[in-house]
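The values are calculated or read from the model by the stated rules, or taken from the named source; none is laboratory data. If you're wondering where the values come from, they're calculated on a predicted model, not measured in any experiment. Reconstructed Cβ throughout: ideal geometry from the backbone, glycine too, with neighbour counts over all protein chains shown. Side chains are part of the model used for accessible areas, which takes the heavy atoms of the whole protein and leaves out ligands, DNA and RNA. Shrake-Rupley method; radii C 1.70, N 1.55, O 1.52, S 1.80 Å.
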Amino acid sequence: MALLLDNQFKDLPPDKAIDTKLFLEAVSHIPQFFDCLGSNVFSVIKSDINGNITKIRAVYMKDPAKYVTLQDIVEAEREAHAAEWPKVGATLALMWLKRGLRFIQILLQSLADGEREENNPNLIRVNITRAYEQALKRYHGWIVQKIFHVALHAAPYKSNFLKALSKGEEVKEEDCLANVRQFLVNYTATVDAIYEMYTNLKAELDYTA
């Protein structure tokens, strides 16, 4: 589980403000997660996440002292682009990024909870399907949904997926899942905080890509 535990997200302060620099450091390792899914078809989501991280980092680097937290960025863009906001800049990039992060969260939580196909317990299609339907499907047009359907059938066996997360090390499944649960604590709190921020600032958009 080295891929996850080597790059854990930090504890949030009581006000749930997300430090931009620490967030970008942690999230920069997330695209590697999709390599563990084996199929190049998942590169669509990986590329999207990479692109959104790059956009957020570009805004942050313009003025790190001003953009200490993610909320600082979103609120500054709301003030600067009233007519276009929230469909602009880092606000839009973070909107899509959080959906990709939620996809990973739901997939890992489903695995940690032991959800599986009764007839094929070593497959992770049920976990990926749950994650996609809850986090991404409503925002995708039918073409992207078809791409995902292809990816679903190219998903690796659970044993191979967990081994990939462990960077090729042979680790017992229960130990892997215990590490997943540990990773999910701060990761889930961070993703939830971003969603809460978008709700509070009325920054969420519900269009399809």
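Every condition in (1) modelled with pLDDT under 95; (2) farther than 16 Å from residue 186 by Cβ holds for residue 7 except the one numbered (2). Pairing each residue of segment 79-91 that is farther than 16 Å from residue 52 by Cα with any residue that is of a type in the set (D, E, K, R) and open to solvent by 80 Å² or more (accessible area, probe 1.4 Å), provided the two are 6+ apart or on different chains, yields C-beta distances under 6 Å for 85/78. Among the residues of segment 27-35, none qualifies, meaning not one is free of Cβ contacts under 8 Å to residues at least 60 places away in the same chain, open to solvent by 50 Å² or more (accessible area, probe 1.4 Å), assigned to a loop (DSSP other than H, G, I, E, B) and under 20 Å from residue 205 (Cα atoms). Kindly indicate whether residue 11 is touching a residue at least 12 places away in the same chain (Cβ under 8 Å), under 26 Å from residue 175 (Cβ atoms), under 15 Å from the mean Cα position of the chain (by Cα) and open to solvent by 60 Å² or more (accessible area, probe 1.4 Å). It is false that residue 11 is touching a residue at least 12 places away in the same chain (Cβ under 8 Å), under 26 Å from residue 175 (Cβ atoms), under 15 Å from the mean Cα position of the chain (by Cα) and open to solvent by 60 Å² or more (accessible area, probe 1.4 Å). Of the helices (runs of 4 or more DSSP H) lying entirely inside segment 41-125, those containing at least 2 residues that are loosely packed, with under 14 Cβ neighbours inside 10 Å and at pLDDT 95 or above are 43-62, 70-80. Within segment 150-195, the set of residues being modelled with pLDDT of 85 or more and open to solvent by 80 Å² or more (accessible area, probe 1.4 Å) comprises 157, 160, 172, 174, 181, 182, 185. Would you confirm whether any residue within segment 186-202 is assigned to a loop (DSSP other than H, G, I, E, B), farther than 27 Å from residue 89 by Cβ and touching a residue at least 60 places away in the same chain (Cβ under 8 Å)? No, the conditions are met nowhere in segment 186-202.
Could you tell me which of the residues 207, 132 is under 30 Å from residue 90 (Cβ atoms), assigned to a helix (DSSP H, G or I) and not basic (Lys, Arg)? Checking each option against the conditions leaves just 132.
Considering segment 129-146, the residues that are in contact (Cβ under 8 Å) with a residue 60 or more places away in the chain and over 13 Å from the mean Cα position of the chain (by Cα) include one that is nearest to residue 164 (Cα to Cα), namely 144. Close contacts from segment 97-111, counting a first residue that is more than 14 Å from residue 192 (Cβ to Cβ) and a second that is open to solvent by 10 Å² or more (accessible area, probe 1.4 Å) and among the basic types (Lys, Arg), with Cβ to Cβ under 6 Å and a gap of 6+ residues or different chains, come to 110/130.
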